[in-house]
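Peer 1: Starting off with a structure, shown below.
The values are calculated or read from the model by the stated rules, or taken from the named source; none is laboratory data. Small disclaimer: the values here were computed from a predicted structure and weren't measured. Reconstructed Cβ throughout: ideal geometry from the backbone, glycine too, with neighbour counts over all protein chains shown. Accessible surface is based on the protein model in full, side chains and every heavy atom, while ligands, DNA and RNA are left aside. Shrake-Rupley method; radii C 1.70, N 1.55, O 1.52, S 1.80 Å.
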Amino acid sequence: MTLLRTLLGLARLAAGAVRRALGPMVGVVSPLGWIVLLVAISSALAAWLFGWSEFLYLGLTLAAGLVFASFFLIGHASFHVEIELSPRRVVAGERAFGRLLVSNTGARRSSATRLELPVGRGEADFSVPQLAPAGSGPGAEHEELFAVPTARRAVITAGPALSVRGDQLGLLRRRVRWADPVELFVHPKTTLLAPSQSGLVRDLEGAVTSTLTNSDLEFHALRPYEPGDDQRYVHWRASARVGQLMVRQFQETRRSELVLTQLVHAAGYSNIGASPGTDPDDTGNAEFELAVSVMASVGAQVLREKTRARVVTETLELRTATVTTLLDDSCRLEPTTGVGPSPREFIRDVLSRMPPPSVLVVVTGSRTPIGELRAIEAVVGSDTRLIGLRAVLDGEPRISQVSRFHLLTIGELGDLPKLLRRVS
């Protein structure tokens with residue numbers, strides 16, 4: 001048994017060594033090249049078995065084609081490639097442009113080269129002419145400009161830039177990587193909410209609660225001294241007047257904290273994947289995109305007012321250091337499928353890792369059952385205000401009270417400021 005394991009280990013080491021040695025050579029053969037090689041070998045075998053000279057000629061011709069194609073791989077280029085996107089952050093629908101700058105860093109004139117540049121899910125091809133040697137002045141650089149599609153919210157990656165050497169038929173290709181990818185953030189569309197009128201959190205320093213405490217800012221009343229009370233809060237004049245020690249009692253104030261959550265499961269939204277043959281990046285996710293815009297608008301306003309906030313989805317907790325980081329992370333949100341936690345379980349897990357928030361906002365779509373939203377109340381404290389923002393594409397804007405939830409139905413992004421103003 002030990003000998004067998006040793007032999008298997010040696011076989012794996014040998015296979016790895018062969019793979020590393022032959023990998024660069026095998027990697028230059030394209031799928032079409034493998035087909036041509038297979039046909040050439042098959043033709044040679046048929047000619048040997050059946051004595052058919054036609055198959056021999058076919059096999060030799062295809063083999064000669066592969067040998068001839070290998071000459072196009074000869075050569076080495078020395079480039080410096082830069083990928084620039086301007087601007088690096090745009091709102092969905094705005095224009096963004098890219099710039100590809102290729103410089104010859106070698107001591108000799110470079111040959112004409114083809115560069116492949118993946119941009120999002122597409123790919124751009126650029127023909128780079130012969131470039132003069134480095135330091136020889138004009139002609140040592142080549143610039144290409146291209147437009148970046150920004151129709152929908154996304155993180156679009158441009159790059160890496162790959163130079164391609166090979167024959168015109170595409171039998172053999174050798175790719176060399178020259179530049180690292182660059183990201184473009186296409187932010188969701190947002191709407192501006194009135195400062196301190198969002199209907200969510202009205203205070204910046206703290207809201208007075210009904211809870212009494214022995215140390216805070218909001219004075220409430222005097223009470224008799226009890227062992228263990230802090231002597232700093234003894235009211236000496238009142239104590240002298242009533243003949244016993246009296247201490248100040250305060251109402252507890254809490255710094256406002258908002259938890260903003262979005263349910264991203266595809267089952268909660270309509271039209272996702274509903275149109276056969278339609279790219280889901282175009283119109284199939286319209287209601288989900290509306291929900292993301294609603295979430296981003298509320299989150300951005302809360303951060304502008306310096307209120308502490310956490311923005312969480314089932315798949316990602318968004319950064320809230322600045323409005324920009326929040327919008328950057330919102331570009332990465334996508335609807336999920338499969339079995340996931342229920343809204344109640346998701347909210348319970350989020351709140352179990354933090355103090356009770358002042359306000360809990362739940363953003364969802366038109367297909368999330370109202371009963372699932374009501375079930376959230378069981379895991380939220382009675383002091384927490386509950387607001388539901390329900391994206392219903394082209395729906396009638398309205399406000400309804402569902403148990404403890406203020407449920408806002410939003411048909412388009414422009415409805416959000418008016419509805420929140422009414423809630424406040």
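Peer 1: If you line up the Cα atoms of segment 265-402 on their principal axes, what length do they span on each, largest first, in Å?
Peer 2: Per principal axis, max minus min of the Cα coordinates gives 47, 35, 31 Å.
Peer 1: Related question: Of all the accessible heavy-atom surface of segment 335-424, with the other protein chains kept in place and a 1.4 Å probe, what percent is carbon and sulfur?
Peer 2: 48 percent
Peer 1: Each residue of segment 154-160 in turn: what ³J(HN,Hα) in whole Hz from Karplus with 6.51, -1.76, 1.60 and θ = phi - 60°, glycine and Pro shown as x?
Peer 2: Calculated HN-Hα couplings, in order: 5, 10, 9, 9, 10, x, x Hz.
Peer 1: In whole angstrom, and with the biggest value first, how far do the Cα coordinates of segment 327-424 range along each principal axis?
Peer 2: The principal-axis extents, from largest down, are 34, 32, 28 Å.
Peer 1: Measuring from centroid to centroid over Cα atoms, what is the spacing of segment 285-362 and segment 151-196 in Å?
Peer 2: So the separation of the two Cα centres works out to 26 Å.
Peer 1: Would you please give the residues with an amide H less than 5 Å from that of residue 264, counting only those at least 5 places away or on a separate chain, with H modeled from the backbone geometry?
Peer 2: 314
Peer 1: Another question about this same structure. Enumerate the calculated ³J(HN,Hα) couplings along segment 402-418 in order (Karplus 6.51 cos²θ - 1.76 cosθ + 1.60, θ = phi - 60°), each rounded to whole Hz, writing x wherever the residue is Gly or Pro.
Peer 2: Here the 3J(HN,Hα) series is 10, 6, 8, 7, 8, 9, 9, 9, 10, x, 8, 4, x, 6, 4, x, 5 Hz.
Peer 1: Using the heavy atoms of the protein chains and a 1.4 angstrom probe, tell me the accessible area per residue for segment 104-182 in square angstrom.
Peer 2: Details: 4220 Å² over 79 residues.
Ligands and nucleic acids excluded, the result is 53 Å² per residue.
Peer 1: So, one more: Could you give me D for segment 47-204, from Stokes-Einstein at 20 °C and 1.002 mPa s, where the hydrodynamic radius is the Kirkwood radius over C-alpha pairs? Units µm² s⁻¹, please.
Peer 2: After rounding, the answer is 110 µm²/s.
Peer 1: Another question about this same structure. For segment 121-185, give the percent of accessible area contributed by carbon and sulfur heavy atoms, probe 1.4 Å, rounded to a whole number. Mind dumping the intermediate values first?
Peer 2: Numbers: 1730 of 3450 Å².
Whole-percent figure for carbon plus sulfur exposure: 50.
Peer 1: Where does each of 107-117, 234-244 land if you order them by average Cβ count within 10 Å, highest first?
Peer 2: Highest-to-lowest ranking by the protection proxy: 107-117, 234-244.
Peer 1: Next up: With +1 assigned to the C-beta of every Lys and Arg and -1 to the C-beta of every Asp and Glu, and no other charges, what is the dipole magnitude of segment 270-404 about the Cα centre in debye, to the nearest 20?
Peer 2: 760 debye
Peer 1: While we're looking at this one, here's another question. Taking only protein heavy atoms and a 1.4 Å probe, what accessible area per residue, in Å², does segment 346-424 have with all protein chains in place?
Peer 2: Value for segment 346-424: 45 Å² per residue.
Peer 1: Rank by packing, highest mean first: peptides 416-423, 307-314, 225-232, with packing defined as the count of other Cβ atoms within 10 Å averaged across residues.
Peer 2: Working: 416-423: 17.4, 307-314: 20.6, 225-232: 9.8.
Ranking the peptides 416-423, 307-314, 225-232 by packing returns 307-314, 416-423, 225-232.
Peer 1: In segment 44-153, if the dipole is taken from +1 on Lys/Arg beta carbons and -1 on Asp/Glu beta carbons about the Cα centre, which of 63, 53, 135 is farthest to the positive end?
Peer 2: Among 63, 53, 135, the one farthest towards the positive end of the dipole of segment 44-153 is 135.
Peer 1: To continue, here is another question. For residue 247, list long-range residues whose amide hydrogen, built 1.01 Å from N in the peptide plane, is under 5 Å from its own amide hydrogen.
Peer 2: 223, 225, 235
Peer 1: Can you list the HN-Hα couplings for segment 91-102, worked out from phi with the Karplus curve (6.51, -1.76, 1.60; θ = phi - 60°), rounded to whole Hz and with x for Gly and Pro?
Peer 2: After applying 6.51 cos²θ - 1.76 cosθ + 1.60, I find 8, 3, x, 6, 8, 9, 10, x, 9, 10, 10, 10 Hz.
Peer 1: Now for a separate question. In terms of modelled amide H atoms, which long-range or inter-chain residues lie less than 5 Å from the amide H of residue 78?
Peer 2: Those lying under 5 Å, H to H, from residue 78 are 105, 106.
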